[in-house]
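Chemist: First the structure, which I've put down as structure tokens, then a few questions once you've had a look.
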Amino acid sequence: MNTAATDNTLVLIRYGEIGLKGRNRPEFERRLAERVRLALKPLGGRVWREHGRLFAEAPVSWPELQRRLAGVFGIVSFSPVRRAPLDLDAIIAGARAELADALEDRRALTDRRALADPHAPAGRPPGPARFKVAARRANKRFPLRSIELNRQIGAALLADPPGGRELQVALDDPEHTVHVEIRDDAAYIFARTAAGPGGLPVGSSGRALALLSGGIDSPAAVWMIMKRGVRVDAVHFHSYPFTSDRSKEKVIDLARILAKHGGPIDLHVVHFTDVQTAISQACPPEWVITIMRRMMFRIAGRLAGRIGALALVTGESVGQVASQTLESIQTIGAVAPLPVLRPLVGFDKAEIVDLARRIGTYDTSILPYQDCCALFVPRNPRTRPRPAEAEAVEAPLEIEPLITGALERTETLRLDP
């Protein structure tokens with residue numbers, strides 16, 4: 001509610017595919033409300049459902065609330081809302097105030113773009129701001145029908161535009177649409193919309209364990225699978241002293257960034273030094289990466305069973321590196337006891353980098369602290385391995401004791417946003 005007494009901001013939250021879930025829809029809505037509530041918890045906000053809509057309210061400004069909600073999976077878009085009494089003059093005043101804020105937001109956005117790129121081509125030439133009113137009368141006791149509300153509110157805004165800005169009605173191509181919903185208790189008015197990430201609320205699609213390195217790909221894969229409603233734990237294979245503690249801290253930082261989107265993440269740090277040493281001593285150099293990845297999948301599968309995860313998640317993309325040819329994917333995945341989800345399988349590197357920049361992991365991922373995979377890449381890795389060949393190569397390894405020893409020295413960290 002936008003009032004001087006409380007200085008709260010009220011927002012209307014919209015979702016997409018949740019609305020298609022049939023009988024399961026209430027459960028998805030409940031989980032989305034939980035995720036919004038978690039995002040607003042530090043602010044003292046509240047969340048509730050009303051007439052099939054999801055609302056949230058918190059004692060902060062619209063930009064702060066926008067920052068908090070923009071990463072919540074399941075939200076397609078959301079708008080700041082003004083609530084006015086069921087009186088035409090009050091509704092017109094609320095519409096004028098909301099349109100004024102929308103015009104100011106548009107002006108500020110234009111100024112920021114001009115500062116960021118002064119050589120960018122100019123947009124639409126200055127002129128009247130094109131707008132329309134879209135009223136919806138859910139409360140049929142209100143005396144004016146929707147079309148009459150559109151006319152009277154629009155005429156009032158034209159006669160007395162906010163800030164003296166010239167206005168022009170544009171029913172087909174408006175820059176601003178002033179929405180007015182007439183409910184039983186009040187009128188709800190909004191003209192601004194912010195985008196959410198879409199998808200499904202985290203926790204609605206089960207639990208998975210992601211193999212998280214310090215690179216660009218695996219954090220992007222975690223974000224993608226969280227977007228499908230999956231709660232994610234992460235496992236990182238740390239090979240001190242081959243890899244430094246700074247490389248471990250880098251992965252912790254990445255997990256904290258991801259927790260901003262999907263809630264707290266349990267990061268399982270596996271002591272992988274003994275496994276890696278045994279592989280490098282017993283296996284030909286061209287096989288090291290393949291056998292190392294097979295051991296990672298075995299350990300991750302065992303850990304997933306302990307925590308109740310139903311799948312593993314990796315950042316693999318077909319053909320990107322030697323361990324991601326189809327033959328390598330088959331040979332490495334053959335030892336996985338659970339399904340392996342690869343959200344980035346069809347992405348090219350440029351697309352993955354764009355996604356990493358958008359979700360905020362890229363700058364951390366490119367810090368120069370390498371993980372165990374990057375340090376042990378041979379000059380000529382095997383690109384077309386076969387499962388039977390891999391089994392023969394790793395036969396000298398004491399696989400079960402290596403797995404047990406790595407799991408016994410695993411450290412688990414709970415990472416909050």
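The values are calculated or read from the model by the stated rules, or taken from the named source; none is laboratory data. The structure displayed is predicted, hence computed values, not measured ones. Heads up, the Cβs are rebuilt from the backbone with ideal geometry, glycines too, and the neighbour counts pull from every protein chain shown.
Chemist: Please find, among 402, 355, the residue that is over 23 Å from residue 232 (Cβ atoms), aliphatic (A, V, I, L, M) and surrounded by 19 or more Cβ atoms within 10 Å (Cβ to Cβ). Lay out the reasoning, then the answer.
Modeler: Details: 355 fails: over 23 Å from residue 232 (Cβ atoms).
402 is the lone residue from the list that is over 23 Å from residue 232 (Cβ atoms), aliphatic (A, V, I, L, M) and surrounded by 19 or more Cβ atoms within 10 Å (Cβ to Cβ).
Chemist: Further, regarding this structure: Pick from 49, 106: which is modelled with pLDDT under 90 and part of a helix (DSSP H, G or I)?
Modeler: On the way: 49 fails: part of a helix (DSSP H, G or I).
So the residue among 49, 106 that is modelled with pLDDT under 90 and part of a helix (DSSP H, G or I) is 106.
Chemist: What number of residues within the range 231-290 are of a type in the set (Asp, Glu) and either under 30 Å from residue 37 (Cβ atoms) or outside the structural domain of residue 364 (by TED's automatic domain parsing) (or both)?
Modeler: Pass one, the range 231-290, residues of a type in the set (Asp, Glu): 233, 245, 249, 253, 266, 274, 286.
Remaining after also requiring either under 30 Å from residue 37 (Cβ atoms) or outside the structural domain of residue 364 (by TED's automatic domain parsing) (or both): 233, 253, 266.
Count: 3.
Chemist: Still on this structure, I have one more. State which residue pairs qualify: first residue touching a residue at least 12 places away in the same chain (Cβ under 8 Å) and inside the range 129-149, second residue among the hydroxyl-bearing types (Ser, Thr, Tyr) and assigned to a helix (DSSP H, G or I) in any location, beta carbons under 7 Å apart, and separation of 6 or more residues or different chains.
Modeler: The qualifying pairs are 135/146; 136/146; 137/146.
For every residue, the table says whether it meets (1) at pLDDT below 95; (2) aliphatic (A, V, I, L, M).
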| position | (1), (2) |
| --- | --- |
| 314 | no, no |
| 346 | yes, no |
| 362 | no, no |
| 366 | yes, yes |
| 369 | yes, no |
| 377 | yes, yes |
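Chemist: Out of all the residues in the range 1-37, which are modelled with pLDDT of 90 or more, within 17 Å of residue 78 (Cβ to Cβ) and not hydrophobic (A, V, I, L, M, F, W, C)? Reasoning before the result, please.
Modeler: Taking the range 1-37 first, the residues modelled with pLDDT of 90 or more are 9-15, 27-37.
When the remaining residues are screened for being within 17 Å of residue 78 (Cβ to Cβ), the result is 9-15, 28-29, 31-37.
Selection gives 9, 14, 15, 29, 31, 34, 35, 37.
Chemist: What are the residues in the range 182-195 that are in a strand (DSSP E or B) and surrounded by fewer than 20 Cβ atoms within 10 Å (Cβ to Cβ), if any? Can you show your working first?
Modeler: Quick first cut of the range 182-195, residues in a strand (DSSP E or B) only: 182, 187-190, 194-195.
Listed by number, the residues that qualify are 194, 195.
Chemist: Which one of the conditions (1) out of contact with any Asp or Glu (no Cβ under 6 Å at 6 or more places or on another chain); (2) not assigned by TED's automatic domain parsing to the domain that holds residue 347 does residue 191 fail to meet, given that it meets all the rest?
Modeler: It is condition (1) that residue 191 fails.
Chemist: On to the next question. Consider residue 39 carefully, then state whether it is surrounded by fewer than 19 Cβ atoms within 10 Å (Cβ to Cβ), over 20 Å from residue 184 (Cβ atoms), touching a Gly at 6+ places or on another chain (Cβ under 9 Å) and of a type in the set (A, V, I, L, M, F, W, C).
Modeler: On the way: surrounded by fewer than 19 Cβ atoms within 10 Å (Cβ to Cβ): no; over 20 Å from residue 184 (Cβ atoms): yes; touching a Gly at 6+ places or on another chain (Cβ under 9 Å): yes; of a type in the set (A, V, I, L, M, F, W, C): yes.
No; evaluated as a whole, the condition is false for this residue.
Chemist: Within the range 68-78, track down each residue that is in a helix (DSSP H, G or I) and farther than 10 Å from residue 194 by Cα.
Modeler: Of the residues in the range 68-78, the ones in a helix (DSSP H, G or I) are 68-69.
Listed by number, the list holds a single entry, 68.
Chemist: What are the residues in the range 312-350 that are more than 23 Å from the chain's Cα centre (by Cα) and among the hydroxyl-bearing types (Ser, Thr, Tyr), if any?
Modeler: 323, 325, 328, 331
A quick yes/no check of all residues on (1) farther than 30 Å from residue 27 by Cβ; (2) of a type in the set (Lys, Arg); (3) buried (at least 21 other Cβ atoms within 10 Å of the Cβ):
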{"residue": "226", "(1), (2), (3)": "no, no, yes"}
{"residue": "232", "(1), (2), (3)": "no, no, yes"}
{"residue": "243", "(1), (2), (3)": "yes, no, yes"}
{"residue": "258", "(1), (2), (3)": "no, no, yes"}
{"residue": "265", "(1), (2), (3)": "no, no, yes"}
{"residue": "269", "(1), (2), (3)": "yes, no, no"}
{"residue": "274", "(1), (2), (3)": "yes, no, no"}
{"residue": "289", "(1), (2), (3)": "yes, no, yes"}
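Chemist: For residue 259, all conditions in the list (1) touching a Leu at 6+ places or on another chain (Cβ under 6 Å); (2) modelled with pLDDT of 95 or more hold save one; what is the number of the exception?
Modeler: Here residue 259 meets the rest and fails (2).
Chemist: Go through the range 285-383 and tell me which helices (runs of 4 or more DSSP H), entirely inside it, have 2 or more residues that are touching a residue at least 60 places away in the same chain (Cβ under 8 Å) and more than 16 Å from residue 221 (Cα to Cα).
Modeler: Details: elements: 288-307, 326-333, 349-359, 362-365, 372-375.
Where helices (runs of 4 or more DSSP H) fall fully within the range 285-383 and carry at least 2 residues being touching a residue at least 60 places away in the same chain (Cβ under 8 Å) and more than 16 Å from residue 221 (Cα to Cα), they are 288-307, 372-375.
Chemist: Looking at (1) out of contact with any Gly (no Cβ under 8 Å at 6 or more places or on another chain); (2) assigned to a loop (DSSP other than H, G, I, E, B), which one does residue 154 not meet, given that it meets all the others?
Modeler: (2)
Chemist: Please name all residue pairs, on different chains or six or more residues apart, with Cβ atoms under 7 Å, provided the first residue is in the range 158-180 and is in the same structural domain as residue 92 (by TED's automatic domain parsing) and at positive phi and the second residue is surrounded by 15 or more Cβ atoms within 10 Å (Cβ to Cβ) and not small (Gly, Ala, Ser).
Modeler: That search, which allows pairs on different chains as well, returns 163/103.
Chemist: Taking the range 188-232, which residues are of a type outside the set (Ser, Thr, Tyr) and more than 20 Å from residue 72 (Cβ to Cβ)? Lay out the reasoning, then the answer.
Modeler: Of the range 188-232, the ones of a type outside the set (Ser, Thr, Tyr) are 189-192, 194-203, 206-212, 214-217, 219-232.
Selection gives 189, 191, 209, 211, 212, 214, 215, 216, 217.
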